[in-house]
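What follows is a short report on a single structure.
Quick note: the coordinates plus some simple rules give every number you see, no bench work behind them. Bear in mind the structure is a predicted one, so any value in this text is a computation, not a measurement. Here Cβ is always computed from backbone atoms with ideal geometry, including for glycine, and neighbour counts include all displayed protein chains.
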Amino acid sequence: MTMASPTPCESPSPVGGRVRPRTGVVVVASTRAARGVYEDRTGPILVGALRDWGFVTGDPVVVADGSEVGEALRAAVADGPAVVLTSGGTGLTPTDTTPEETLPLLDRVVPGIAESIRHAGVAKGVATAALSRGLAGVAGRTLVINLPGSVGGVRDAIEVLEPLVAHAVEQIGGGDHPRHCAPSDGRAAGGGQ
């Protein structure tokens, strides 16, 4: 028995392969939280969002600002998750270097994501959202996005990211835009007659 070739709108099912669940990692850049001065509040929010979106995600990785962020990002990307979200280190203080630690890892920058996150904050009346230097891009097959370190900035970013992340991950994995398939009787999709 032979199987018919898939149509352009069908995907062949994997044979003998294990489907790997979509995974996510959250890295929080906060020297004070890493030292135990206060509890990180943004990491759990981001972990919750990724889990709600269907990504298997462990607890946040909380590190000090600076080179520790780069080390955590390199380790995360090496594990091959679908998404890495960072929180913190995107401002203008001398220790805010998350974008500088992120950029060398990116194969392609996706500026529209970071621009949309900044715009969302400004549109809500938070003028300082424009000072965020966060980046977004693709490292290998991983979507990496820098978010602000404030709870409000993270919540604004989640609103922006919710409709984008799954589609971006599908495209990074080689998927295409949704297509309208022709009915099995050969008529054009959406056509009458």
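Assorted remarks:
- For the listed peptides 82-92, 101-111, a ranking on the average number of other beta carbons within 10 Å per residue, highest first, reads 82-92, 101-111.
- Amide H contacts of Gly149 (H built 1.01 Å from N, under 5 Å, at least 5 apart or other chain): Gly88, Gly89, Thr90
- Under 5 Å, built H, 5+ apart or other chain: amide partners of Val27: Val61, Leu85, Thr86, Ser87
- Length gained on full extension, Arg41 to His167: 42.6 nm, using 0.36 nm per residue less the C-alpha separation.
- Ala34-Leu103 FRET efficiency (beta carbon distance; Förster radius 25 Å; 0.05 resolution): 0.70
- Protection proxy ranking for 39-50, 136-147, using the average of other Cβ atoms within 10 Å per residue and placing the highest first: 136-147, 39-50.
- For the pair Asp52 and His119, label points projected 7 Å from Cα toward Cβ lie 2.2 nm apart.
- Rounded if a/c under 1.5, otherwise prolate or oblate - segment 24-92, Cα gyration tensor axes: oblate
- Residue-wise HN-Hα coupling along segment 79-93, computed from phi with Karplus coefficients 6.51, -1.76, 1.60 (Hz; x: Gly, Pro): 6, x, x, 6, 9, 10, 10, 10, 10, x, x, 9, x, 10, 5
- FRET efficiency for the Leu92 to Glu159 pair, using the beta carbon distance and R₀ = 35 Å, is estimated at 0.90.
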